[in-house]
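Participant: This is the structure I have questions about; it appears just below.
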Amino acid sequence: MRMKDEIAIITGSTSGIGKKLAELFLKEGAKVVICSRNKDKVNNALAEFKERFGNNVIGTVCDVSDPITVKNIVDKTIEAFGGVRILVTCAGLNLTYGPFEYLPLGKVNQDAKKVVGANLIGTMNSISAVIPQMKKQGYGRIVTIAGGGADRPLEHMTIYSASKGGVLAFSKCLAEEFKQNPYDIKINIFLPGMIYTNLMRNSQVIKEWKDEDEYRKELDLVMKHVATDIEESCSKVIPFVLPRSKSNGKVFKGFSIMKLVKGFRKVGKERKKMEKSQ
């Protein structure tokens, strides 16, 4: 097992990418702390993992936008397992899907506070909370999740993309700072690809722009040809959290660019067929 004796905190780990990473880490022998904002989801995921992995996993409720609860999860991890060697910041959300121009000022302000709070500030809080322990150990591995729109334009998820672009910039800047210190602490940035998670399922389509059913049909079509397998994608994270990893500030992908391009070509062809048949 490649991760025996490793101790990891994975935020946003009761569903989707975070939960899959927790599973993979546990399979590799790591001790893992899972968390999310929802108590029931934490309890359900914890019960599921404990049945398979016993006392190698603990869980707690944590809102990463709140520095107090973030500090609490780090303290609990140290108390339970003796340290924190790995942090993966998966906690994140998106609230609306559609053109920015359709969002009124009040809605923009409301969504931006929540999305930036979870995705960007939550990442900053989580890293800030683990750095003192990692410095004390002289060691740490951190992976942040950049996501869609961070490194390229992505329409209809503007606020989300802005927050993830912030995560990318922050992570790269922090990597430069880590190069200047004497500790073996590294940070890298993960682009998981298009994975059908609750982030997509729960985003509200702007009704003034598009019908919900129409959006769901389009999303199903895209996912049919473009979706990345979640386990295949998440497995790419493991090499970057191992002691032998020397990467720092690297953006790495959990998907194939070629497959993505081919997939969108197929989507375009199917759309044309659907339009002709109407």
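The values are calculated or read from the model by the stated rules, or taken from the named source; none is laboratory data. Just so it is clear, the model here is predicted, and its values are computed rather than measured. Cβ coordinates were reconstructed from backbone atoms using ideal geometry, including for glycine residues, and neighbour counts include every protein chain displayed. Side chains are part of the model used for accessible areas, which takes the heavy atoms of the whole protein and leaves out ligands, DNA and RNA. Shrake-Rupley method; radii C 1.70, N 1.55, O 1.52, S 1.80 Å.
Participant: Considering only the range 80-125, how many residues are in a loop (DSSP other than H, G, I, E, B) and either within 13 Å of the chain's Cα centre (by Cα) or of a type in the set (Ser, Thr, Tyr) (or both)?
Facilitator: Of the residues in the range 80-125, 5 are in a loop (DSSP other than H, G, I, E, B) and either within 13 Å of the chain's Cα centre (by Cα) or of a type in the set (Ser, Thr, Tyr) (or both).
Participant: Collect the residues in the range 157-180 that are touching a residue at least 40 places away in the same chain (Cβ under 8 Å) and of a type outside the set (A, V, I, L, M), keeping them in residue-number order.
Facilitator: Those that are touching a residue at least 40 places away in the same chain (Cβ under 8 Å) and of a type outside the set (A, V, I, L, M): 158, 160, 163, 164, 166, 170, 171, 172, 176, 178, 179.
Participant: Can you report the number of residues in the range 197-217 which are in contact with an Asp or Glu (Cβ under 9 Å, 6 or more places away or on another chain), buried (at least 16 other Cβ atoms within 10 Å of the Cβ) and closer than 20 Å to residue 147 by Cβ?
Facilitator: Here the count works out to 1.
Participant: Okay, moving on. Does any residue in the range 15-33 that is more than 16 Å from residue 62 (Cβ to Cβ) and free of Cβ contacts under 8 Å to residues at least 60 places away in the same chain come within less than 8 Å, Cβ to Cβ, of a residue that is open to solvent by 10 Å² or more (accessible area, probe 1.4 Å) and among the basic types (Lys, Arg) six or more places away or on a different chain, and which pairs are these?
Facilitator: Final answer for the pair search is 26/52; 29/2; 29/4; 30/4.
Participant: Of the residues that make up the range 232-244, is at least one surrounded by fewer than 19 Cβ atoms within 10 Å (Cβ to Cβ), of a type outside the set (Gly, Ala, Ser), touching a residue at least 40 places away in the same chain (Cβ under 8 Å) and not in a helix (DSSP H, G or I)?
Facilitator: Yes: one or more hits.
Participant: Can I ask one more? Please specify each residue of the range 126-160 satisfying the condition of being of a type in the set (Gly, Ala, Ser), at pLDDT 95 or above and either within 14 Å of the chain's Cα centre (by Cα) or within 16 Å of residue 251 (Cα to Cα) (or both).
Facilitator: 126
Participant: What do you reckon, is residue 77 open to solvent by less than 20 Å² (accessible area, probe 1.4 Å), among the polar types (S, T, N, Q), touching a Ser or Thr at 6+ places or on another chain (Cβ under 6 Å) and at pLDDT 95 or above?
Facilitator: So residue 77 does not fit the description; no.
Participant: Turning to a different aspect of this structure: I'm told residue 254 meets every condition in (1) farther than 22 Å from residue 225 by Cα; (2) open to solvent by less than 80 Å² (accessible area, probe 1.4 Å) except one. Can you identify the failing condition by its number?
Facilitator: (1)
Participant: A further question on this structure: Please pick out the residue among 166, 263, 268 that is part of a helix (DSSP H, G or I) and in contact with a His (Cβ under 8 Å, 6 or more places away or on another chain).
Facilitator: 263
Participant: Among the candidates 149, 117, 122, 165, which residue alone is of a type outside the set (A, V, I, L, M, F, W, C), on the phi > 0 side of the Ramachandran plot and open to solvent by less than 70 Å² (accessible area, probe 1.4 Å)?
Facilitator: Of the residues listed, the single one that is of a type outside the set (A, V, I, L, M, F, W, C), on the phi > 0 side of the Ramachandran plot and open to solvent by less than 70 Å² (accessible area, probe 1.4 Å) is 149.
Participant: Would you please name the residue that is most open to solvent (accessible area, probe 1.4 Å), looking only at residues in the range 218-231 that are under 25 Å from residue 189 (Cα atoms) and free of Cβ contacts under 8 Å to residues at least 40 places away in the same chain?
Facilitator: If we take residues in the range 218-231 being under 25 Å from residue 189 (Cα atoms) and free of Cβ contacts under 8 Å to residues at least 40 places away in the same chain, then 229 is most open to solvent (accessible area, probe 1.4 Å).
Participant: Here are 47, 22: which of them is surrounded by fewer than 18 Cβ atoms within 10 Å (Cβ to Cβ) and either acidic (Asp, Glu) or part of a helix (DSSP H, G or I) (or both)?
Facilitator: 47
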